[in-house]
Amino acid sequence: MNAPRQIEFGPLDGPAVCVVGSLNADLVAYESDTWTPGSYNIGKGFELAAGGKGLNVAMSIAATGLPTYLVGRVGNDIFGEFIKRALTSGSVRQDFVTTDPTASTGVGHVRVNAERDYNTCVVPGANDLVDERDTTAALNHGIRFSHVVMAFEIPLRTVLETARRFRAVGSQVVVNFSPVTEGSRAVLPQTDVLVVNEAEAAALCRQVVGSHADPPANLEATMELLRTCDGGPRDVAVTLGDRGLCAMSRAGGVRQYQAHDVVAVSAVGAGDSFLAMLVSRVAQGEPFLDGLAAAGAAGALACGRRASWLSRDDAPQLDQMVRNGAPIPARAREVAR
(Lines give C-alpha, C1' and ligand atoms only; values in the text may rest on other atoms or scores of the structure.)
Protein backbone atom coordinates (compact mmCIF):
# COMPACT_ATOMS: atom_id res chain seq x y z
CA MET A 1 0.00 0.00 0.00
CA ASN A 2 1.27 3.49 -0.85
CA ALA A 3 1.84 6.09 1.88
CA PRO A 4 -1.10 8.53 2.12
CA ARG A 5 -0.68 11.52 -0.16
CA GLN A 6 -0.93 14.88 1.58
CA ILE A 7 -4.32 16.55 1.29
CA GLU A 8 -4.08 20.04 -0.16
CA PHE A 9 -7.15 21.87 -1.40
CA GLY A 10 -6.83 24.61 -3.97
CA PRO A 11 -7.38 25.36 -7.66
CA LEU A 12 -6.16 22.43 -9.74
CA ASP A 13 -5.43 21.97 -13.41
CA GLY A 14 -6.81 18.46 -13.07
CA PRO A 15 -9.66 16.88 -15.00
CA ALA A 16 -13.22 18.17 -14.86
CA VAL A 17 -15.89 16.18 -13.02
CA CYS A 18 -19.60 16.19 -13.85
CA VAL A 19 -22.18 15.57 -11.12
CA VAL A 20 -25.71 14.79 -12.28
CA GLY A 21 -28.17 14.83 -9.44
CA SER A 22 -30.60 16.40 -7.04
CA LEU A 23 -30.71 19.93 -5.66
CA ASN A 24 -32.90 20.44 -2.60
CA ALA A 25 -33.71 23.05 -0.03
CA ASP A 26 -33.25 21.11 3.22
CA LEU A 27 -35.51 22.06 6.13
CA VAL A 28 -33.55 20.55 8.99
CA ALA A 29 -35.02 20.01 12.46
CA TYR A 30 -32.79 18.86 15.31
CA GLU A 31 -34.79 16.75 17.74
CA SER A 32 -34.16 16.57 21.46
CA ASP A 33 -34.74 13.55 23.69
CA THR A 34 -37.87 15.23 25.08
CA TRP A 35 -41.10 13.68 23.87
CA THR A 36 -44.68 14.26 24.98
CA PRO A 37 -47.77 12.10 24.35
CA GLY A 38 -48.86 12.24 20.76
CA SER A 39 -45.31 11.87 19.35
CA TYR A 40 -44.56 15.55 19.96
CA ASN A 41 -40.89 16.45 20.18
CA ILE A 42 -39.43 19.64 21.63
CA GLY A 43 -36.78 20.40 19.06
CA LYS A 44 -33.33 21.82 19.78
CA GLY A 45 -32.90 23.81 16.58
CA PHE A 46 -33.85 24.42 12.97
CA GLU A 47 -32.03 25.58 9.85
CA LEU A 48 -32.53 26.02 6.13
CA ALA A 49 -29.68 24.46 4.18
CA ALA A 50 -28.87 23.82 0.54
CA GLY A 51 -28.78 20.08 -0.03
CA GLY A 52 -29.64 17.11 -2.18
CA LYS A 53 -27.09 14.41 -3.01
CA GLY A 54 -26.07 16.07 -6.27
CA LEU A 55 -25.41 19.44 -4.67
CA ASN A 56 -23.61 18.00 -1.62
CA VAL A 57 -21.23 15.94 -3.77
CA ALA A 58 -20.56 18.79 -6.21
CA MET A 59 -19.81 21.25 -3.40
CA SER A 60 -17.32 18.84 -1.80
CA ILE A 61 -15.51 17.97 -5.04
CA ALA A 62 -15.27 21.65 -5.93
CA ALA A 63 -13.78 22.33 -2.48
CA THR A 64 -10.85 20.04 -3.33
CA GLY A 65 -10.03 22.29 -6.27
CA LEU A 66 -11.21 20.22 -9.24
CA PRO A 67 -13.36 21.92 -11.90
CA THR A 68 -16.83 20.66 -10.97
CA TYR A 69 -19.97 20.99 -13.10
CA LEU A 70 -23.41 20.24 -11.71
CA VAL A 71 -26.33 19.11 -13.89
CA GLY A 72 -29.80 19.46 -12.39
CA ARG A 73 -32.93 21.55 -12.01
CA VAL A 74 -34.44 23.98 -9.53
CA GLY A 75 -37.75 25.80 -9.55
CA ASN A 76 -38.40 29.46 -10.18
CA ASP A 77 -38.84 30.22 -6.47
CA ILE A 78 -36.99 31.50 -3.41
CA PHE A 79 -35.51 28.06 -2.71
CA GLY A 80 -34.05 27.90 -6.21
CA GLU A 81 -32.37 31.29 -5.77
CA PHE A 82 -31.08 30.18 -2.36
CA ILE A 83 -29.50 27.08 -3.89
CA LYS A 84 -27.86 29.04 -6.72
CA ARG A 85 -26.27 31.39 -4.19
CA ALA A 86 -24.88 28.38 -2.30
CA LEU A 87 -23.42 26.92 -5.51
CA THR A 88 -21.77 30.23 -6.34
CA SER A 89 -20.20 30.42 -2.89
CA GLY A 90 -18.88 26.88 -3.35
CA SER A 91 -17.36 27.55 -6.80
CA VAL A 92 -19.54 24.91 -8.46
CA ARG A 93 -20.00 25.54 -12.20
CA GLN A 94 -23.72 26.13 -12.87
CA ASP A 95 -23.69 26.10 -16.67
CA PHE A 96 -26.07 23.11 -16.67
CA VAL A 97 -28.32 23.98 -13.70
CA THR A 98 -31.70 24.81 -15.21
CA THR A 99 -34.54 26.82 -13.69
CA ASP A 100 -37.66 24.83 -14.53
CA PRO A 101 -40.79 27.00 -14.96
CA THR A 102 -43.17 24.09 -14.39
CA ALA A 103 -42.03 22.69 -11.03
CA SER A 104 -40.96 23.84 -7.61
CA THR A 105 -37.48 23.32 -6.19
CA GLY A 106 -37.02 19.98 -4.46
CA VAL A 107 -37.41 20.01 -0.68
CA GLY A 108 -35.96 17.66 1.92
CA HIS A 109 -37.56 17.64 5.37
CA VAL A 110 -34.72 16.30 7.50
CA ARG A 111 -35.11 15.26 11.15
CA VAL A 112 -31.89 14.67 13.08
CA ASN A 113 -32.60 12.70 16.25
CA ALA A 114 -30.90 12.84 19.63
CA GLU A 115 -28.54 10.02 18.57
CA ARG A 116 -27.46 12.20 15.59
CA ASP A 117 -28.92 9.84 13.02
CA TYR A 118 -31.53 11.18 10.64
CA ASN A 119 -34.47 10.46 8.36
CA THR A 120 -35.67 12.50 5.42
CA CYS A 121 -38.93 13.07 3.62
CA VAL A 122 -38.02 14.27 0.12
CA VAL A 123 -40.45 16.11 -2.15
CA PRO A 124 -38.58 15.82 -5.49
CA GLY A 125 -40.10 18.74 -7.35
CA ALA A 126 -37.90 19.74 -10.31
CA ASN A 127 -35.49 16.85 -9.61
CA ASP A 128 -38.10 14.48 -11.06
CA LEU A 129 -37.86 16.28 -14.41
CA VAL A 130 -34.10 15.93 -14.94
CA ASP A 131 -33.70 14.08 -18.27
CA GLU A 132 -31.38 13.53 -21.23
CA ARG A 133 -31.81 17.15 -22.37
CA ASP A 134 -29.90 18.25 -19.28
CA THR A 135 -27.03 15.81 -19.76
CA THR A 136 -26.93 16.45 -23.52
CA ALA A 137 -26.14 20.09 -22.76
CA ALA A 138 -23.14 18.98 -20.71
CA LEU A 139 -21.92 16.43 -23.26
CA ASN A 140 -22.21 18.89 -26.14
CA HIS A 141 -20.32 21.64 -24.36
CA GLY A 142 -16.92 20.32 -25.44
CA ILE A 143 -15.63 19.57 -21.93
CA ARG A 144 -13.82 16.28 -21.38
CA PHE A 145 -15.14 14.91 -18.09
CA SER A 146 -12.93 12.31 -16.46
CA HIS A 147 -15.79 11.13 -14.23
CA VAL A 148 -19.55 11.47 -14.03
CA VAL A 149 -21.13 10.97 -10.58
CA MET A 150 -24.76 10.09 -9.85
CA ALA A 151 -27.15 8.82 -7.18
CA PHE A 152 -30.84 7.89 -7.38
CA GLU A 153 -32.60 11.10 -6.32
CA ILE A 154 -33.33 11.74 -10.02
CA PRO A 155 -35.29 9.41 -12.34
CA LEU A 156 -33.76 5.97 -12.88
CA ARG A 157 -34.09 6.27 -16.66
CA THR A 158 -32.01 9.46 -16.54
CA VAL A 159 -29.29 7.80 -14.46
CA LEU A 160 -29.16 4.85 -16.88
CA GLU A 161 -29.10 6.95 -20.05
CA THR A 162 -26.52 9.34 -18.59
CA ALA A 163 -24.26 6.46 -17.56
CA ARG A 164 -24.44 4.93 -21.04
CA ARG A 165 -23.70 8.16 -22.86
CA PHE A 166 -20.86 9.38 -20.63
CA ARG A 167 -19.25 5.95 -20.65
CA ALA A 168 -19.42 5.88 -24.46
CA VAL A 169 -17.23 9.01 -24.60
CA GLY A 170 -14.68 7.64 -22.13
CA SER A 171 -15.81 9.02 -18.76
CA GLN A 172 -15.60 6.79 -15.70
CA VAL A 173 -19.11 6.30 -14.26
CA VAL A 174 -19.41 6.51 -10.46
CA VAL A 175 -22.81 5.58 -9.02
CA ASN A 176 -23.94 5.83 -5.43
CA PHE A 177 -26.79 3.31 -5.37
CA SER A 178 -28.79 5.36 -2.89
CA PRO A 179 -31.59 4.77 -2.47
CA VAL A 180 -31.76 1.30 -4.08
CA THR A 181 -35.07 1.39 -5.92
CA GLU A 182 -36.87 -1.17 -8.05
CA GLY A 183 -34.87 -1.70 -11.21
CA SER A 184 -31.64 -0.11 -9.95
CA ARG A 185 -29.75 -3.20 -11.09
CA ALA A 186 -30.15 -1.99 -14.70
CA VAL A 187 -27.43 0.61 -14.08
CA LEU A 188 -24.82 -1.96 -12.97
CA PRO A 189 -23.51 -2.79 -16.48
CA GLN A 190 -22.68 0.91 -16.99
CA THR A 191 -21.04 1.40 -13.56
CA ASP A 192 -17.26 1.60 -13.13
CA VAL A 193 -17.23 2.55 -9.42
CA LEU A 194 -20.07 1.45 -7.15
CA VAL A 195 -20.58 3.06 -3.71
CA VAL A 196 -23.15 1.79 -1.20
CA ASN A 197 -23.75 1.46 2.51
CA GLU A 198 -24.28 -1.97 4.02
CA ALA A 199 -28.08 -1.94 3.71
CA GLU A 200 -27.90 -0.75 0.10
CA ALA A 201 -25.37 -3.47 -0.74
CA ALA A 202 -27.77 -6.10 0.63
CA ALA A 203 -30.74 -4.65 -1.28
CA LEU A 204 -28.80 -4.54 -4.54
CA CYS A 205 -27.60 -8.12 -4.05
CA ARG A 206 -31.22 -9.24 -3.65
CA GLN A 207 -31.97 -7.78 -7.07
CA VAL A 208 -28.99 -9.65 -8.55
CA VAL A 209 -29.54 -13.10 -7.01
CA GLY A 210 -33.34 -12.95 -6.80
CA SER A 211 -35.66 -13.06 -3.82
CA HIS A 212 -35.63 -16.88 -3.57
CA ALA A 213 -31.85 -17.42 -3.62
CA ASP A 214 -29.56 -17.32 -0.61
CA PRO A 215 -27.74 -13.99 -0.20
CA PRO A 216 -23.91 -13.92 -0.09
CA ALA A 217 -22.55 -15.39 3.14
CA ASN A 218 -20.49 -12.37 4.24
CA LEU A 219 -19.40 -8.89 3.28
CA GLU A 220 -16.46 -10.01 1.18
CA ALA A 221 -18.72 -12.35 -0.80
CA THR A 222 -21.21 -9.50 -1.23
CA MET A 223 -18.49 -7.26 -2.66
CA GLU A 224 -17.25 -10.04 -4.93
CA LEU A 225 -20.76 -10.48 -6.33
CA LEU A 226 -21.20 -6.75 -6.90
CA ARG A 227 -17.70 -6.50 -8.40
CA THR A 228 -18.21 -9.19 -11.04
CA CYS A 229 -21.93 -9.31 -11.90
CA ASP A 230 -23.67 -7.61 -14.82
CA GLY A 231 -20.76 -6.46 -16.92
CA GLY A 232 -18.06 -6.20 -14.23
CA PRO A 233 -15.40 -6.06 -13.03
CA ARG A 234 -15.80 -2.72 -11.21
CA ASP A 235 -14.56 -1.07 -8.02
CA VAL A 236 -16.87 -1.47 -5.01
CA ALA A 237 -16.88 0.55 -1.78
CA VAL A 238 -19.16 -0.26 1.17
CA THR A 239 -19.49 2.14 4.10
CA LEU A 240 -20.20 0.48 7.45
CA GLY A 241 -21.07 3.35 9.78
CA ASP A 242 -19.26 3.13 13.10
CA ARG A 243 -17.48 0.00 11.83
CA GLY A 244 -15.59 1.92 9.18
CA LEU A 245 -15.55 0.90 5.53
CA CYS A 246 -14.50 -1.94 3.27
CA ALA A 247 -13.80 -2.01 -0.44
CA MET A 248 -12.78 -4.30 -3.27
CA SER A 249 -10.96 -3.07 -6.35
CA ARG A 250 -11.93 -4.25 -9.82
CA ALA A 251 -8.80 -6.44 -9.70
CA GLY A 252 -10.06 -8.17 -6.53
CA GLY A 253 -7.88 -6.47 -3.89
CA VAL A 254 -9.58 -5.81 -0.55
CA ARG A 255 -8.96 -3.07 1.97
CA GLN A 256 -10.79 -2.21 5.18
CA TYR A 257 -10.53 0.86 7.39
CA GLN A 258 -11.66 1.44 10.93
CA ALA A 259 -14.00 4.34 11.67
CA HIS A 260 -12.52 7.58 12.96
CA ASP A 261 -13.42 8.60 16.50
CA VAL A 262 -15.52 11.77 16.16
CA VAL A 263 -18.21 13.41 18.25
CA ALA A 264 -21.28 13.05 16.04
CA VAL A 265 -23.42 16.09 15.32
CA SER A 266 -25.28 14.93 12.20
CA ALA A 267 -24.78 12.12 9.69
CA VAL A 268 -26.64 13.98 6.91
CA GLY A 269 -23.58 14.72 4.75
CA ALA A 270 -21.38 11.75 5.66
CA GLY A 271 -22.04 9.53 2.65
CA ASP A 272 -21.90 12.41 0.18
CA SER A 273 -18.59 13.69 1.59
CA PHE A 274 -17.15 10.17 1.40
CA LEU A 275 -18.22 9.83 -2.22
CA ALA A 276 -16.94 13.26 -3.21
CA MET A 277 -13.49 12.77 -1.70
CA LEU A 278 -13.15 9.32 -3.28
CA VAL A 279 -14.00 10.75 -6.70
CA SER A 280 -11.60 13.66 -6.22
CA ARG A 281 -8.72 11.36 -5.31
CA VAL A 282 -9.20 8.89 -8.15
CA ALA A 283 -9.76 11.73 -10.64
CA GLN A 284 -6.34 13.03 -9.62
CA GLY A 285 -4.79 9.66 -10.39
CA GLU A 286 -4.73 7.99 -6.98
CA PRO A 287 -5.46 4.24 -7.03
CA PHE A 288 -8.98 3.38 -5.87
CA LEU A 289 -7.95 1.49 -2.74
CA ASP A 290 -5.50 4.22 -1.71
CA GLY A 291 -8.16 6.91 -2.10
CA LEU A 292 -10.31 5.25 0.55
CA ALA A 293 -8.25 6.68 3.42
CA ALA A 294 -9.08 10.27 2.52
CA ALA A 295 -12.68 9.34 1.64
CA GLY A 296 -13.23 7.70 5.03
CA ALA A 297 -11.77 10.73 6.81
CA ALA A 298 -14.06 13.05 4.85
CA GLY A 299 -17.15 11.04 5.77
CA ALA A 300 -16.17 11.04 9.45
CA LEU A 301 -15.46 14.77 9.42
CA ALA A 302 -18.92 15.45 8.01
CA CYS A 303 -20.48 13.57 10.95
CA GLY A 304 -18.87 16.03 13.36
CA ARG A 305 -20.72 19.12 12.14
CA ARG A 306 -23.93 20.35 10.58
CA ALA A 307 -22.58 21.27 7.14
CA SER A 308 -23.33 18.68 4.44
CA TRP A 309 -20.18 19.26 2.38
CA LEU A 310 -16.47 19.95 2.66
CA SER A 311 -14.75 23.34 2.48
CA ARG A 312 -11.22 24.30 1.54
CA ASP A 313 -10.50 25.01 5.21
CA ASP A 314 -10.89 21.28 5.93
CA ALA A 315 -7.63 20.22 4.28
CA PRO A 316 -5.34 20.37 7.38
CA GLN A 317 -7.76 18.44 9.60
CA LEU A 318 -8.43 15.85 6.92
CA ASP A 319 -4.73 15.40 6.34
CA GLN A 320 -4.19 14.76 10.05
CA MET A 321 -7.09 12.28 10.16
CA VAL A 322 -5.68 10.36 7.19
CA ARG A 323 -2.26 10.11 8.78
CA ASN A 324 -3.73 8.95 12.09
CA GLY A 325 -5.85 6.27 10.43
CA ALA A 326 -4.69 2.83 9.42
CA PRO A 327 -6.16 -0.02 7.39
CA ILE A 328 -7.22 -3.11 9.28
CA PRO A 329 -4.75 -5.97 8.63
CA ALA A 330 -5.97 -8.64 6.23
CA ARG A 331 -6.13 -11.21 9.01
CA ALA A 332 -8.73 -9.07 10.81
CA ARG A 333 -11.19 -8.88 7.92
CA GLU A 334 -13.46 -11.41 9.57
CA VAL A 335 -14.73 -8.68 11.93
CA ALA A 336 -16.85 -7.33 9.08
CA ARG A 337 -18.41 -10.65 8.16
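A quarter of the convex hull surface defined by the alpha-carbon atoms of segment 125-216 gives 6.3 nm² as the mean projection. Computed with a 1.4 Å probe over protein heavy atoms only, the accessible surface of the chain comes to 43 Å² per residue. Per-atom-type breakdown for segment 9-144 gives carbon and sulfur 52% of the accessible area (1.4 Å probe, protein chains only). Within the full protein context, the accessible area of Arg243 is estimated at about 90 Å² for a probe radius of 1.4 Å. Residues of segment 15-47 falling in the label zone of Ser311, defined by backbone nitrogen less than 19 Å from a point 7 Å along Cα to beta-carbon, are 26, 28, 46-47. Of the listed residues Lys53, Lys44, the order by accessible area with a 1.4 Å probe, largest first, is Lys44, Lys53. The gain in end-to-end length when the Asn113 to Arg185 segment is fully stretched comes to 22.7 nm, 0.36 nm per residue minus the alpha carbon separation.
In segment 184-337, the portion of solvent-accessible area held by carbon and sulfur atoms comes to 50 percent [1.4 Å probe, whole percent, DNA, RNA and ligands not counted].
Charge dipole (Cα centre; +1 on Lys/Arg Cβ, -1 on Asp/Glu Cβ; no other charges) of segment 1-117 amounts to roughly 160 debye. In this simple spin-label approximation, Ala221 and Val263 carry label points 7 Å from Cα along the Cα→Cβ vector, and these lie 4.3 nm apart.
Full extension from Ile78 to Arg157: what is 0.36 nm times the residue separation minus their Cα-Cα distance, to one decimal in nm?
Working: separation 79, 0.36 × 79 = 28.44 nm, distance 2.86 nm.
This chain segment gains 25.6 nm when fully extended.
Looking at segment 189-258, send over the antiparallel percent of its DSSP beta bridges, to the nearest 5. Around 60 percent of the beta bridges assigned by DSSP in segment 189-258 are antiparallel ones.
Going by Cα centres, segment 266-306 and segment 194-229 are how many Å apart? Distance between centres, Cα-based: 22 Å.
From its DSSP helices (H runs of at least four residues, each -39,500 (n - 2.57)), the chain gives a residue-normalised ellipticity at 222 nm of -9500 deg cm²/dmol.
What is the calculated FRET efficiency for Asp242 to Thr136, with r their C-beta to C-beta distance and R₀ = 51 Å, to the nearest 0.05?
0.75
The 3J(HN,Hα) values that the Karplus relation (6.51, -1.76, 1.60; θ = phi - 60°) gives for segment 71-88 are, in residue order, 10, x, 9, 10, x, 8, 8, 5, 5, x, 5, 4, 5, 4, 5, 5, 5, 5 Hz. Gly and Pro appear as x.
Which FRET efficiency value, to the nearest 0.05, do you get for Arg85 and Val209 by plugging their Cβ-Cβ distance into 1/(1 + (r/R0)^6) with R0 = 30 Å? Don't skip to the end; give the middle numbers.
Details: r = 46 Å, r/R0 = 1.53.
The computed FRET efficiency comes out at 0.05.
So what is the relative contact order for the chain, in percent, with contacts set as C-alpha pairs under 8 Å and at least six apart?
Values: 751 pairs, mean separation 56.6, N = 337.
The normalised contact order for the chain reaches 17 percent.
The values are calculated or read from the model by the stated rules, or taken from the named source; none is laboratory data. The structure displayed is predicted, hence computed values, not measured ones. Glycine also receives a Cβ, built like all others from the backbone with ideal geometry; neighbour counts cover every protein chain displayed. Just so you know, the surface numbers come from the protein's heavy atoms only, side chains and all, with ligands and any DNA or RNA stripped out. Shrake-Rupley method; radii C 1.70, N 1.55, O 1.52, S 1.80 Å.
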